[in-house]
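What follows is one structure encoded as structure tokens, with my remarks underneath.
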Amino acid sequence: MILCDTGATEDAERTGLSITIRDRGAPSSNGEIRIFVDDEELTFFEDKDGILINNRAAQSNFDVLWEALRKGRSMRVLLADGRTSTFSLEGVRKALGPKACETGFTGRMPAKTNAKR
């Protein structure tokens, strides 16, 4: 599940991913989570707060994941404890907009200005 926090907090700090396989979430010991969309592989890390998109690397992967999900045919998730799940991405393009939602990282970036000095 993609959690978009746009508008819920001041800087979208709660945008992230939530993954549940066999009625259990990912191991919460800073575990690596590998997501495969067709032939593309992305790695995220879960901490005590889940998989938050609050640094440059996670932001980059989130943007790539968003676009891959919109174009992909299937997705496989592999958790650090070996649990895995594969499913179809049919209909995802209609559910996700063309632009990824704002994240805790983009929410803290200063706005660009075109002011002349």
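The values are calculated or read from the model by the stated rules, or taken from the named source; none is laboratory data. Fair warning: this is a prediction, and the values are worked out from it, not measured in the lab. Cβ sites come from the backbone with ideal geometry, for glycine too, and all protein chains shown count toward neighbours.
Pairing each residue of the stretch 45-74 that is under 19 Å from Leu89 (Cβ atoms) and part of a loop (DSSP other than H, G, I, E, B) with any residue that is modelled with pLDDT of 90 or more and of a type outside the set (Val, Ile, Thr), provided the two are 6+ apart or on different chains, yields C-beta distances under 7 Å for Gly72/Asp38; Gly72/Leu89; Arg73/Asp38; Arg73/Leu89. Within the stretch 17-44, being within 12 Å of the chain's Cα centre (by Cα), in a strand (DSSP E or B) and either modelled with pLDDT under 80 or surrounded by fewer than 16 Cβ atoms within 10 Å (Cβ to Cβ) (or both) holds for Arg34, Thr43. Looking at Asp11, is it crowded, with 16+ Cβ neighbours inside 10 Å, over 13 Å from the mean Cα position of the chain (by Cα) and modelled with pLDDT under 80? Judged against the criteria, Asp11 is a match. Contact map, the stretch 2-29: first residue over 13 Å from Phe44 (Cβ atoms), second residue at pLDDT below 65 and exposed (fewer than 15 other Cβ atoms within 10 Å of the Cβ), Cβ cut-off under 6 Å, separation 6 or more or different chains; pairs are Asp11/Arg108.
The set of residues in the stretch 81-97 being part of a loop (DSSP other than H, G, I, E, B) and either modelled with pLDDT under 90 or surrounded by 13 or more Cβ atoms within 10 Å (Cβ to Cβ) (or both) consists of Asp81, Gly82, Arg83, Leu89, Leu96, Gly97.
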